[in-house]
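These notes are about the structure you will find just below.
The values are calculated or read from the model by the stated rules, or taken from the named source; none is laboratory data. A quick note: this is a predicted structure, and the numbers were derived from the prediction, not measured. Don't worry about glycine lacking a Cβ; one is built from the backbone with ideal geometry, like all the others, and counts go over all protein chains shown.
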Amino acid sequence: MARRSTKTPPSDDFEERILDIDVVDEMQGSFLEYAYSVIYSRALPDARDGLKPVHRRILYQMHEMGLRPDRAHVKCARVVGEVMGKLHPHGDSAIYDALVRMAQPFSMRLPLVDGHGNFGSLGNDDPPAAMRYTECRSASPAELMTASIDEDTVDFAPNYDGSEREPVALPAAYPNLLVNGASGIAVGMATNMPPHNLGEVIAAAKHLLKHPGADLATLMRFVPGPDLPTGGRITGLDGIRDAYENGRGTFRIRATTTVEQVTPRRKGLIVTELPFTVGPEKVISKIKDLVNSKKLQGIADVKDLTDRNHGLRLVIEIKNGFNPEAVLAQLYKLTPMEESFGINNVALVDGQPLTLGLKELLQVYLDHRLTVVRRRSEHRRGRREDRLHLVEGLLIALLDIDEVIRLIRGSDDSAAAKDALMARFELSETQTRHILDTPLRRLTRFDRLELETERDRLTGEIAELTRILESDAELRRVVSSELTEVSRKFGTPRRTELSQEDGAPLAAVPLQVADEPCRILLSSTGLLARTTGPEHPFDQGAGGKRAKHDVIVSAVPGTTRGEIGVVTSAGRLLRLQVVDLPELPVDAAGPGLAGAAPLAEFVSPGDDERVLCLANLDESSPGLALGTEQGVVKRVVPDYPAGKDELEVISLREGDRLVGAIELRTGEEDLVFITDEAQLLRYAASQVRPQGRPAGGMTGIKLPEGGRVISFTAVDPAVEAVVFTMAAGTGAAGSRGTAKLTPFEQYPRKGRATGGVRCQRFLKGEERLAFAWAGPAPARAATASGAAAPLPEPDPRRDGSGTPLPKAIAVMAGPVRREA
C-alpha cells in the first residue's frame, strides 16, 4: 500500500488529511486517462474530416489568421506559436511535424499547406529546415476543409483552458480521410490508411449518395485501390479488397522501372517512382550493402540523378552479361524497391474508435456532409429571413416617409419614436430600430428600387433554401453537385498502377475515375478502341489521307465505366467492359486506329464465327436489327440482364447464320437485304415487330431456291446513301469481278417478305454477287488486309452492269456519326 499526504506542513489552521490509495487502482486509473487522451486527442483521425486534432487545429488557426492561398507566406514559427498558445496543449515540435507533413506532396495526395522553403525529402533523407526558416500558407484544398465553418455548420468546443473555442470537426468538402490517408499509433490500437485518388473517391461517394444500398463490388469499380503520391505499382489486390471489406488488409508496392541504354555498352534500370515513404538514399544504401556482401550480383553502379525539373531518376547500371530483368527481380526481393503496406482503417466515429471498410468510411463522410449542408442551409435561410424582415420594414416606412419623419420629430426621445412607429405602422421592434438607425440619405426613390430588388432576391433565395431543407433528394443533389465541382477543380489522373499478384498489369483498372462519355470503335481488321475527344482524326469523311485500318465498321456511344456488346454471326452478344479497351490519344497524327487492340484480346469467337457489330446496352435504345443468310429478319427488344457475359439475341435455324447486325438509332430507318442473285429489298423497320431475345425472327425477304442473303444493313432515309454491289466471275472482268455504286434513292420501298428489285445486271461469266453493302455516303472501301481501295464512279442506273475494279473490295463503311 502507498500513502500519499499533502505537502503543506500542518498548522493550527490546517487539519492534516491522509488518503490511503491502492497502487493498482491509481495506476489503472492514471493509465486509462492517459490512453483515453492519446486515442481521442492525439493519435486517431476523425472519420468525418479525416483529421487528427493537431491537423484540425493547424488548419482552423490558419483560417482564422487569414492565411489564404492568395495571401503572402508567413513564418511557420508564427503559425506553430498561434496553434500552441490557443488550441494545442503540446510541444511545438509535434505541431511543426504535422504542419510539414501537410505540405509534402510526396506524403499527401492532396497537400493542405502551401510551403515555401525546405520541407524535407522523400524518405526523410533530407530533413525539413527549422520552422524559423520555412514559410507557409493554406493551399487551395485546405479552403474546402474550412469552407462555411462560420455558418454554424459544425459544433465548437472549449479549448484546453476554456479561453478559446475550436471546431470538433471541419466541414470538409471532400472525403479527406480516404484522399490523404492517415497514420498513428495510440495505446492498444493504431491506424494506417493509404491515400486515394480524389476523382475516384468522389465518384464512389456520389454513387453511394444516389444508391445507398450499393455493394462493395460496385464501389470498387470507382475506387479499385489506393493511389499513392509517389506513384509506383501495387500488387496484391486481394489484400486491398479485404481492407475495403473489413478494414484490414495488406498489399505490396513496387517501384516503377524501365530498361534503357545508359551508356554505349551498358544497359541500366531507370527508377522513376519508389514505394510510398521510401527515399532514394535508403535504396542506394541497401544496394551498396548487398553488393559489398556479395548477396546481389550484376550491378555495376548506382547514380541518383534526381532533380527538380525531371523528378526522381535513379540509374542502376547493369554489368555486361547479366539480364536486367533478372537483376530487377533480385532488387524487388532484397531492397526497399518493393515494400508491403498494411491497411488498418481505424478512425473515430461518434467518439468511438472503429475499424471501417470502404463503404462505412464513405457513409460516415456523407452523413457528415449532409449534416453540414443542412445546417448551412438553415443558417443561410435564417440570415436571409432576418434581412428580409428589415427590408420589408424599410419599404413600409418608404411608402409614407413623411408620416415617419413627422412621428420621429414629434417624439420626445428615441424610445417614444420607436413606440409611435410600432403603433402607427404595426412594425416589429427590430424593424423599428433598423428604421431609426438608417440615415435619411438612404430613404430615397433610388434606394426604394434597390430595396424592392433585394426583397425579390431574398424571397427567391429563401424559397430555394427551403426547397433544399424540405427535400432529402434535393439535399443530396446539392451535396453531389458540390462534390462534382471539387473533383472537376482538383481531380488529377491516377499515379499508381494496380497489378495482379504476378505483377502483370490489371487492364480492368482505369487511370481517369471519371466516368465520362466516349465512343467505342471497331475497325475492318478487328481492332477495338475508345476515344473521349469531341473529334478525332480517324473520322471517315470525304477527303484527307487514308491509312491502313482506317475503315470503322461500327461505332457506338458509351461511357468509360460502362459496358458494350459484341454481336457475332452465331447470334451471340458478348459483353465487354469499356474500361478494358485502349484509349486513342486525342493528338494522334493522321487517321487510323494507332494504339488500338485486336478484338481477339477481349472475345474468342468460334472457328466459323465472325464479329458483325458493336451494340450499346442501353435499354432505352430502339435495339438491334438482325438479318440472316436464309432471309430472316428480327428486331431485338433491348433487354440485356446484368451479370451475364454471353447472351443469345436470336434463335437461328439449323444451318443459318447472321450476315448483318446493326444498332438502330431512331427506329425509323429502312432495312435493306441484298442477295447473291443481285436482288435488293428495302422496307421500313417499323414493319418488323420487336421480339424478345429467345425469338427466332420472321421472314424478311423471299428467296428463290438456292438463293442466300449476303448483306443486311439499315439506312436512315433522311441522309444521302449509296448501294455498292460487286459481282465475281471469270469473264472479261477477271477474278476481281465488276462493281457498281448507285444512289440509294433509286431503289423503291417494297413490302416485307417480298423479292425486291434487281440491283446489278450480270455480265457474261458472272452468276452471283460476291459482296454488297448499303449505307450512308460518302462511302469508303478497303481490301481484306485493311488497305484503302478505290470505288467506281456512281451509276444512276438501278439495274445497270458493273465496271472492273483495280482491287478486290472486302469491306465498306460510311462516315462515323458524331452522335456515336
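So in segment 269-317, with the set limited to residues that are free of Cβ contacts under 8 Å to residues at least 12 places away in the same chain and of a type in the set (A, V, I, L, M, F, W, C), which one is nearest to GLY120 (Cα to Cα)?
LEU305
Can you tell me which residue is farthest from the chain's Cα centre (by Cα) among those in segment 61-113 that are of a type in the set (Ser, Thr, Tyr) and crowded, with 20+ Cβ neighbours inside 10 Å?
Among them, the one singled out is TYR96.
Taking the options THR742, THR754, THR725, name whichever one is surrounded by fewer than 16 Cβ atoms within 10 Å (Cβ to Cβ) and in the same structural domain as PRO638 (by TED's automatic domain parsing).
After applying the criteria, what remains is THR754.
Checking ASP242 against (1) surrounded by fewer than 19 Cβ atoms within 10 Å (Cβ to Cβ); (2) assigned to a loop (DSSP other than H, G, I, E, B); (3) in contact with a Gly (Cβ under 6 Å, 6 or more places away or on another chain), only one condition comes out false. Which one?
Result: ASP242 fails condition (2) only.
Conditions tested, residue by residue: (1) at pLDDT 95 or above; (2) crowded, with 21+ Cβ neighbours inside 10 Å; (3) within 33 Å of the chain's Cα centre (by Cα).
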site: VAL262; (1), (2), (3): no, no, no
site: GLY268; (1), (2), (3): no, yes, no
site: PRO275; (1), (2), (3): no, yes, yes
site: ILE284; (1), (2), (3): no, no, no
site: VAL291; (1), (2), (3): no, no, no
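Between a first residue in segment 82-111 that is of a type in the set (Asp, Glu) and a second residue that is assigned to a loop (DSSP other than H, G, I, E, B), which pairs have beta carbons less than 7 Å apart while being 6 or more apart in sequence or on different chains?
What qualifies is GLU82/MET65.
Quick one: in segment 419-467, of everything that is free of Cβ contacts under 8 Å to residues at least 40 places away in the same chain and closer than 30 Å to VAL478 by Cα, which residue is farthest from the chain's Cα centre (by Cα)?
Taking the candidates together, the pick is GLU450.
Among LEU617, LEU681, LEU664, which is the only one that is buried (at least 24 other Cβ atoms within 10 Å of the Cβ) and either in contact (Cβ under 8 Å) with a residue 24 or more places away in the chain or assigned by TED's automatic domain parsing to the domain that holds GLU745 (or both)?
LEU681
Do we have ALA417 as more than 17 Å from HIS389 (Cβ to Cβ) and surrounded by 17 or more Cβ atoms within 10 Å (Cβ to Cβ) here?
Yes, satisfied.
If you check GLU470, GLU426, GLU485, GLU497, which single one turns out to be within 30 Å of GLY199 (Cβ to Cβ) and surrounded by fewer than 17 Cβ atoms within 10 Å (Cβ to Cβ)?
The match here is GLU485.
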